[in-house]
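Encoded as structure tokens, the structure appears first; notes follow it.
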Amino acid sequence: MCIDIMEYFHFAPQIRLPKVQHHNSAAMPRIKTLSVLLSDRNPIKRYLRYIIPVKTGRKIKNMIRNANEKDFKPPKMSPNTRKILLDHFQPFNKELAQMINKDLSLWNR
């Protein structure tokens with residue numbers, strides 16, 4: 001996709017793109033209670049704020065959160081939801097295709 005965009009705007013083909021890093025990937029907590037303790041206000045967390053510096057606290061929180069996550073594959077979209085979304089966005093896709101003079105028919109499948 002990035003290569004298509006670069007070609008469209010006539011960027012030099014020798015440009016090397018950085019390796020893709022995944023952000024906000026789907027995950028579920030291994031221990032739900034631990035996840036709640038990290039996110040909600042609780043007396044332990046409030047007390048630790050006076051002892052542990054903010055930066056260090058964030059690092060610890062992120063380490064625990066990352067260790068507590070397990071991969072999660074979201075369920076497939078239902079055909080009915082897909083149809084509703086396609087019907088809703090089709091006129092916008094058509095208008096955009098005309099504005100940029102590109103074929104976006106793949107977006108409506």
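Put simply, of A67, A26, A97 the only residue that is in contact with a Pro (Cβ under 6 Å, 6 or more places away or on another chain) and not basic (K, R) is A26. Specify the residue that is modelled with the highest pLDDT; the eligible residues are those in segment 1-51 that are in a loop (DSSP other than H, G, I, E, B) and of a type in the set (G, A, S). Step by step, filter segment 1-51, then rank; the result is A26.
The values are calculated or read from the model by the stated rules, or taken from the named source; none is laboratory data. All of these numbers come straight from a predicted model, not from anything done at the bench. Every residue, glycine among them, receives a Cβ derived from its backbone with ideal geometry; neighbour counts consider all protein chains shown.
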